[in-house]
Every structure is written in structure tokens, then in C-alpha cells.
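J.: Dropping the structure in here first, questions after.
The values are calculated or read from the model by the stated rules, or taken from the named source; none is laboratory data. Since the model is a prediction, treat every value here as computed from it, not as a measurement. Cβ sites come from the backbone with ideal geometry, for glycine too, and all protein chains shown count toward neighbours.
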Amino acid sequence: MSLGYVAARCSLRTLLWPSRISLNQRPAALLRRTMSSLPVDSAHIETVLKYARLDSKGYIEVEGPEAVKFLNGLVTSKLQASFVKKNLTTIGNDSGSGGPQRSTEEATVPLADFDVTKTNWGLYHEAGPTGPYISRFGQYTSFLDGKGKLITDSILYPVPVTVPNLMKTRYPKYLLEFDKKEMLGRMLQTLRGHKLLSKVKISAVEEDAVRTWEMSIALEGMPDVVESAWITNIWRPMTTLKSPGDASEFTNGLVQSLFHGHEDKIRALYLDWRMDGLVQRTAEEPLVFRIVTDNTVDDVSTLFNKDVFDFELNVVPENKASFRKERLRCGLLDGTGDVKPSTVLPLELNFDYFPDVVNSNKGCYIGQELTARTFATGILRKRMISVTIENPAALAEYLRNCNATGNTSYPEVEIRTVGGTAEEVQSAEPLAASPFGSSSKPVRKRRRPVGSLLASEDDTAVVMMRTEYFGKIYGNSEGEIGNAELYIDTSDESGKESGATEIKLTPQRPLWMDQWLQSNKPNF
């Protein structure tokens, strides 16, 4: 049964899930329903597959009986269920930073007992609807420096993604993805520096050994009254898998469904659930994949099983920039090309709103002190939002001129009321009192930037904003109406060709904003 058939025949009201999934079926056929529910005209539905090769990624392989313990002490994700509590400051409250509180509506189902030092079992995830689960898909995560700032993000893949016989594997084995030019060498040195007596092998994957691809699949024309096929067929069953064997069997079935006949060419697979809010909101929203193949694949779309959907398939080759623009539109980052190392905190990038990226209850890891304190106190003064650029050509010129003069800092973003003037604040250092009498000069005023532009692509960008201005931008429950606009002042720039003295930015409302406002209501 195809994914399209399942999505077309099942409505959100009629989905009834068993406590245990029958894993001898492929994921595309997990819901065999013959009932007639909501009418869907398949003639108006089109499967759109977009893809691009990412040649900027490199990989480090970590393998051994202590691979999980070793990596758990370095990344912000929680990779094992148990830990040794060494310091009370490592434990915080999930609601502290204004981040999501991941309560479960269903009863928590415990994981099966297994030894994390043996067999290539996969990855532990804590934020499932029925509690923790096991997966063989990649996990978005991050590495912090000693001050708690982000060095780089990464994707941690169990490898290979499919395992014919799990019991014949010896140890856990993972790939870590980094920007090849900027971070691979540095992170290889970092990992080896922390190895000490850990029973792991760390090695860089040869540059030409694998190829990396970005792929998105959308069911365009699917009505929103139908639940997303990605939720029905992948997310919900995937997040209920409680043992390595179940996770392996599910993953084998999914890869076989999507890449039938080419399973051996798929080395690793990441499903980008950072966009799960969009995927759950509309049935048309695409699911984004990161695929690592062997070096024989010249076109990843040729591996895709076109019979998995009942609808017409439209394959669209894209470039990296189009995928980057879509990521920034959703407020997502990828690598040091989007954010400079050691300049921002992971929670400022909203990592606490993404499943299993930052965990407040995982024990000690590098950079955890500030993150744990933020969870505990709830004090986080900046968060990243997405914006639309009114004049992208002027911004591109402005950035070129800044780079030419050696100015590599993030461009400052200012705010004003629509139709009004820029917001000014009193200087923190007023003029000193004169010994010859009071001065008639007014206290100095200065314009204070309310944020900084981190990254942009065409007319889309992400801005690090001070949260105290969210009410002016988006409004709040206390009656404040969002009537402010953002802009970058370029009046001091020399040699402009565009003639623009400012670049207007239109803020986009994040999916997490209502939740953030509710969590921060007492302090907002």
C-alpha cells in the first residue's frame, strides 16, 4: 500500500493506533484501511520531489563499546537513558527558558532492556509521545565550548542506516556531519583530544567515500483535513519503537519502500523533524531528508522508488541555495555558514524547541553549566526569528562592502514604530557633572540595536532579537499590538551603488511564539 493511498483514505478522526505496531509490514502499509472517509481527488494531487547535492559536508566516524558514553559527554542531545549526577546544576526545569514542556498525553511505555555497549543498536530519543524510543535515523545536535556557546551544529547518524542482522554487529557506530572546510579538522582534533581512555575509534571518512544530498517530498494539493502522510506513516510509528530490533526492522522497511533495489547505496538517513510543527499543521508541507550515499551515486533521485505514491511524481533538481532559503524561512540553521562559532547560545537558536536537540536532564557535558542555569532561571534575553528582506540586492551589496572593509561582525538590526522614528535609549554612561556648575547639555542619547542579522539567502534571513521587543513586533496577551518594523541602517556605508540608506525587514511569526508568550507571561 502506498503512502499516498494511506493519506488519502485516512482522516485524523479515524486514526486508531495499536499499542504495538505490526513490524512485519512496510511503513507505507502500516495503516491498511478500506473505509471511505474524506473524498480526495487524486487528479489534483502531485508528489513533488526536490533534491540537491551538498558538497560542503564531511564526516567523522566514531565506533566502539563506549561510543555512546563518549559522545553523550560532548553533545547537547541525550544519548543514553541513565547517567551519573555529578552536580546539581546539571539538572533544570524544562520550562525554565520558555521552551516547550514535552508532556505526554499517552501512557509512558518503557524501553526494552539492552546493553548500549554492544551491537550497532541505533540512537536513544527521549521526546516521544509514549516516552523514550529507539531510532536508526540521524539526530540533529550541537557541540558547545567551555562557555556554553555553540561551536557548531551537527547531525549524528547511526551507520549503516539498515542492518540485515543486528545481532551480528559488535559495537555502536556513528557518523558525525560537519562543514568540511571550516569545522572537520577542528572537530576531529577535539574528539581525539577528549578520547583519553575511552574505548572508541575515531577517524575521518575519506572525502570521496560518500556523497551528501538534501531531498524534500511534498504532496501538493493534499487537503488539510487529511492528516499528513509523514505523521501517519513515519513519525507516529517511528516514535513508538522501544527496542533496537523493532527500530532496525522499521528502518529496513522504510528504506526498502523509498529506495527499493538501492538500499545498499544508502549509508545514512536523517529526517528533519525540526519542522514537525509545519508538518503537523498542513498535509502539503514537505518532509525534508538528509541522505548520505556511497560514492557511486551521481543523482539521488534515480534511487527513489516512484511507485511508493499513487500520485503523479514531479522530480525537480534544485540548488543548495533554495534549500538554505527554505531552512531560514523556518528559522533553522545548518553549519557555520549560518552562524559563526562561539558567538551565540544554543537556546538563543531555539534548540530547546526542537525534539531531543538540547536536554536539561542528561548529566554533564561540555558547556552544560550555562545551558543548565538558563533552564533553571528562565532568563534568556535573545531568540532567533525569521524575517523577509524588502531589498535583498541592497543587503547583498551592504554585506559585500562590509567584508571588503574587514567588518565581519553581524549587521545590527534596529526597530521603530511603523511610521515613527527609531527607538532611542539613554546612554548607560551620562555626562560627568561639571565642577563649575550644572551643565545645560542634555544627556546623550544613542540608538540601541535590538538584534543582529545572522544569515540570509535571497529575500529570507534570520535575526537574533532581544526578547523584550517581541511584544512590539508580534503583540501579546496584555493588549500590546505589534506595530513595529525592523531595519538595518546603511547610511554610514560608503561606495553604495543602490542608494538605499536602510533595508527593511519584515518579521515572520515563529511557530513557537504562542508557547513562548504563555511561558513568559509573568515576566513579559
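Rundown of residues vs (1) over 30 Å from L184 (Cα atoms); (2) at pLDDT 95 or above; (3) part of a loop (DSSP other than H, G, I, E, B), yes/no style:
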{"residue": "R53", "(1), (2), (3)": "no, yes, no"}
{"residue": "Y59", "(1), (2), (3)": "no, yes, no"}
{"residue": "P65", "(1), (2), (3)": "no, yes, yes"}
{"residue": "N93", "(1), (2), (3)": "yes, no, yes"}
{"residue": "Q101", "(1), (2), (3)": "yes, no, yes"}
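J.: In addition: From the residues in region 148-177 that are within 15 Å of T251 (Cβ to Cβ) and β-branched (V, I, T), which one is farthest from the chain's Cα centre (by Cα)?
T.: Of everything passing the filter in region 148-177, T169 is farthest from the chain's Cα centre (by Cα).
J.: Of the residues K340, K320, which is surrounded by fewer than 21 Cβ atoms within 10 Å (Cβ to Cβ) and within 20 Å of Y270 (Cβ to Cβ)?
T.: On the way: K340 fails: within 20 Å of Y270 (Cβ to Cβ).
That would be K320, the only listed residue that is surrounded by fewer than 21 Cβ atoms within 10 Å (Cβ to Cβ) and within 20 Å of Y270 (Cβ to Cβ).
J.: For region 484-524, enumerate the residues that are modelled with pLDDT of 80 or more and in a loop (DSSP other than H, G, I, E, B).
T.: Residues satisfying the conditions are T490, S491, T501, Q508, R509, P510, L511, W512.
J.: Does region 178-198 hold any residues that are assigned to a helix (DSSP H, G or I) and not hydrophobic (A, V, I, L, M, F, W, C), and which are they?
T.: Correct list: G185, R186, Q189, T190, R192, G193, H194, K195.
J.: Then there's this: Go through region 374-416 and report how many residues are buried (at least 16 other Cβ atoms within 10 Å of the Cβ) and within 30 Å of G73 (Cβ to Cβ).
T.: Total satisfying the criteria: 8.
J.: Now for a separate question. Just for region 265-300: of the residues that are in contact with a Gly (Cβ under 8 Å, 6 or more places away or on another chain) and of a type in the set (D, E, K, R), which one is modelled with the highest pLDDT?
T.: Let us first name the residues in region 265-300 that are in contact with a Gly (Cβ under 8 Å, 6 or more places away or on another chain), namely 268-271, 284, 290.
Filter again for of a type in the set (D, E, K, R), leaving 284, 290.
Numbers: E284: 88, R290: 98.
Applying the filter and picking the extreme gives R290.
J.: Are any of the residues in region 155-176 assigned to a helix (DSSP H, G or I) and either under 25 Å from D310 (Cα atoms) or touching a helix residue (DSSP H, G or I) at 6+ places or on another chain (Cβ under 6 Å) (or both)?
T.: Pass one, region 155-176, residues assigned to a helix (DSSP H, G or I): 166-168.
Checking which are either under 25 Å from D310 (Cα atoms) or touching a helix residue (DSSP H, G or I) at 6+ places or on another chain (Cβ under 6 Å) (or both) leaves us with 166.
For region 155-176, residues assigned to a helix (DSSP H, G or I) and either under 25 Å from D310 (Cα atoms) or touching a helix residue (DSSP H, G or I) at 6+ places or on another chain (Cβ under 6 Å) (or both): present.
J.: Something else now. Would you say V288 is in a strand (DSSP E or B), in contact (Cβ under 8 Å) with a residue 12 or more places away in the chain and among the β-branched types (V, I, T)?
T.: So V288 passes the test.
J.: Can you give me the number of residues within region 338-364 that are of a type outside the set (D, E) and more than 13 Å from L150 (Cα to Cα)? Walk me through it before giving the result.
T.: Step one: list which residues in region 338-364 are of a type outside the set (D, E), which gives 339-347, 349-351, 353-355, 357-364.
Filter once more, keeping what is more than 13 Å from L150 (Cα to Cα): 353-355, 359-364.
Qualifying residue count, region 338-364: 9.
J.: Within region 185-194, is even one residue farther than 15 Å from L74 by Cα and under 26 Å from the mean Cα position of the chain (by Cα)?
T.: Yes; the residues of region 185-194 include at least one that is farther than 15 Å from L74 by Cα and under 26 Å from the mean Cα position of the chain (by Cα).
J.: Only residues that are in contact with a helix residue (DSSP H, G or I) (Cβ under 7 Å, 6 or more places away or on another chain), under 28 Å from T296 (Cα atoms) and hydrophobic (A, V, I, L, M, F, W, C): list them for region 206-243, please.
T.: Across region 206-243, the qualifying residues are W213, M215, I234.
J.: While we're here: For region 459-467, indicate whether the set of residues that are hydroxyl-bearing (S, T, Y) and modelled with pLDDT of 60 or more is non-empty.
T.: Let us first name the residues in region 459-467 that are hydroxyl-bearing (S, T, Y), namely 460, 467.
From what is left, the residues that are modelled with pLDDT of 60 or more are 460, 467.
Yes, there is a match, as at least one residue in region 459-467 is hydroxyl-bearing (S, T, Y) and modelled with pLDDT of 60 or more.
J.: All but one of (1) under 30 Å from D55 (Cβ atoms); (2) not in a loop (DSSP other than H, G, I, E, B) hold for D298, so report the exception by its number.
T.: (2)
J.: Name the single residue, out of those in region 205-222 being surrounded by 19 or more Cβ atoms within 10 Å (Cβ to Cβ) and at pLDDT 95 or above, that is nearest to E312 (Cα to Cα).
T.: Ranking the qualifying residues of region 205-222, first place goes to S216.
J.: Condition (residue is more than 17 Å from T336 (Cβ to Cβ), touching an Asp or Glu at 6+ places or on another chain (Cβ under 7 Å), outside any loop (DSSP other than H, G, I, E, B) and not small (G, A, S)) applied to region 199-211: is it met by at least one residue?
T.: yes
J.: Right, something else. Any residue at all in region 277-290 that's over 27 Å from E126 (Cβ atoms) and in contact with a Pro (Cβ under 7 Å, 6 or more places away or on another chain)?
T.: The answer is yes, given that some residue of region 277-290 is over 27 Å from E126 (Cβ atoms) and in contact with a Pro (Cβ under 7 Å, 6 or more places away or on another chain).
J.: Counting just the residues of region 301-316 that are assigned to a loop (DSSP other than H, G, I, E, B) and either modelled with pLDDT of 90 or more or not assigned by TED's automatic domain parsing to the domain that holds T47 (or both), which one comes out surrounded by the most Cβ atoms within 10 Å (Cβ to Cβ)?
T.: Once the filter is applied, the top-ranked residue is F304.
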